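Have a look at the structure below before the remarks.
The values are calculated or read from the model by the stated rules, or taken from the named source; none is laboratory data. Predicted model only: the values in this text are computed from it and were never measured. For neighbour counting, all protein chains shown are included, and Cβ atoms are generated from backbone atoms with ideal geometry for every residue, glycine included.
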Amino acid sequence: MTPIRFGLFSDLHANLPGLPERGFGGRSMEDLCRGLERFRQAGVSFAVSLGDNIQPARDAREEASQLSDMISLWSGYGFPVRMVPGNHEFQQLTDDEYRSVTGLSRVYDSFTPGGARFILLDTNVNPDGSHYSADNFDWRRGILDAEQLKWLEEQLKNPVPTVVFAHNCVHWDPGDPADEWFRLQNSEEVRELLADSGCVRAVFQGHHHTFRADRRDGILYINVPSPERYPAYSDECFPVVEFTEDGILYNGVPGGEL
């Protein structure tokens, strides 16, 4: 495979001007611009948003406008930004409205540049199989539904080097009593599927807002932190990743040293 460089960010929780701010909400767009410029200077082939880009607005129309404006902003940096949605994208928007704004026919997807495969998962599914929509969800109960699991299994039958992106945590076990709130509710099933494939090298996830790196079943799991956790802009919230035959470099650090 050809070495591939990409950027990541997660949990911006951006606010529309004039609305009550969450944490660093008034700074989030400034941070995003600095992060995207960092990616451009690093020469990334693409970037991935791991979700929760936005906060509720005055109504669904304004939330859709905010997301549309954000997408327009990052389209001007010379590389594509792929998206996996977070639960906050669906506090006011329906699934159809989200896909209309983003131009996606289906939220989960894969792409294969340079002989590698990158898989985007949609963790915004209720336990009954219905999709998150207009605040009809419990953010602690996301799953991958049967249709998506079948699709993922088919994807992994082709054993090319693979990286997976998700909002909810596919693996998250630091010992906190609230661990399960941030994990996929069928995370064990998903982890087994990834491990059994023998081709998944890393999973990047968000949702918890903190950085963490773990290795399980030979797969590197990295939680990308939210800028909300930092008092000022930090490159740690906009990591640059290099994916090569030899492994992962995360902000210049080998995956085995994280």
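Quick notes on this structure:
- Selection within segment 152-168 - out of contact with any Leu (no Cβ under 6 Å at 6 or more places or on another chain) and either closer than 19 Å to residue 204 by Cβ or surrounded by 19 or more Cβ atoms within 10 Å (Cβ to Cβ) (or both): 152, 155, 156, 160, 161, 162, 163, 164
- If the condition is being modelled with pLDDT of 95 or more, among the basic types (Lys, Arg) and under 20 Å from the mean Cα position of the chain (by Cα), then segment 154-197 contributes only 191.
- Any hit, segment 43-56, residues being among the small types (Gly, Ala, Ser), assigned to a loop (DSSP other than H, G, I, E, B) and touching a strand residue (DSSP E or B) at 6+ places or on another chain (Cβ under 7 Å): yes
- The set of residues from segment 88-128 being surrounded by fewer than 22 Cβ atoms within 10 Å (Cβ to Cβ), of a type in the set (D, E, K, R) and not in a strand (DSSP E or B) comprises 95, 96, 97, 99, 106, 128.
- In the set (1) in a helix (DSSP H, G or I); (2) among the hydroxyl-bearing types (Ser, Thr, Tyr); (3) touching a residue at least 24 places away in the same chain (Cβ under 8 Å), residue 75 fails one condition alone, (3).
- Of the residues making up segment 183-204, just one is closer than 21 Å to residue 238 by Cα and out of contact with any helix residue (DSSP H, G or I) (no Cβ under 9 Å at 6 or more places or on another chain), namely 204.
- Residue-level check: of (1) touching a helix residue (DSSP H, G or I) at 6+ places or on another chain (Cβ under 8 Å); (2) closer than 24 Å to residue 39 by Cα; (3) not basic (Lys, Arg), residue 120 misses just (1).
- Inside segment 66-104, residues that are of a type in the set (Asp, Glu) and within 16 Å of the chain's Cα centre (by Cα) make up a count of 1.
- Condition broken by residue 60, with the remaining ones in (1) farther than 14 Å from residue 14 by Cα; (2) buried (at least 21 other Cβ atoms within 10 Å of the Cβ); (3) modelled with pLDDT under 95; (4) of a type in the set (A, V, I, L, M, F, W, C) satisfied: (2)
- Being within 21 Å of residue 85 (Cβ to Cβ) and either in contact with a His (Cβ under 6 Å, 6 or more places away or on another chain) or at pLDDT 95 or above (or both) is a property that holds for residue 146.
- Of the strands (runs of 3 or more DSSP E) lying entirely inside segment 140-258, those containing at least 2 residues that are touching a residue at least 60 places away in the same chain (Cβ under 8 Å) are 162-166, 200-205, 240-244.
- Residue 212 vs. criteria out of contact with any strand residue (DSSP E or B) (no Cβ under 6 Å at 6 or more places or on another chain) and either basic (Lys, Arg) or over 26 Å from residue 145 (Cα atoms) (or both): no
- Subset of segment 109-153 [closer than 16 Å to residue 91 by Cβ and hydroxyl-bearing (Ser, Thr, Tyr)]: 123, 130, 132, 133
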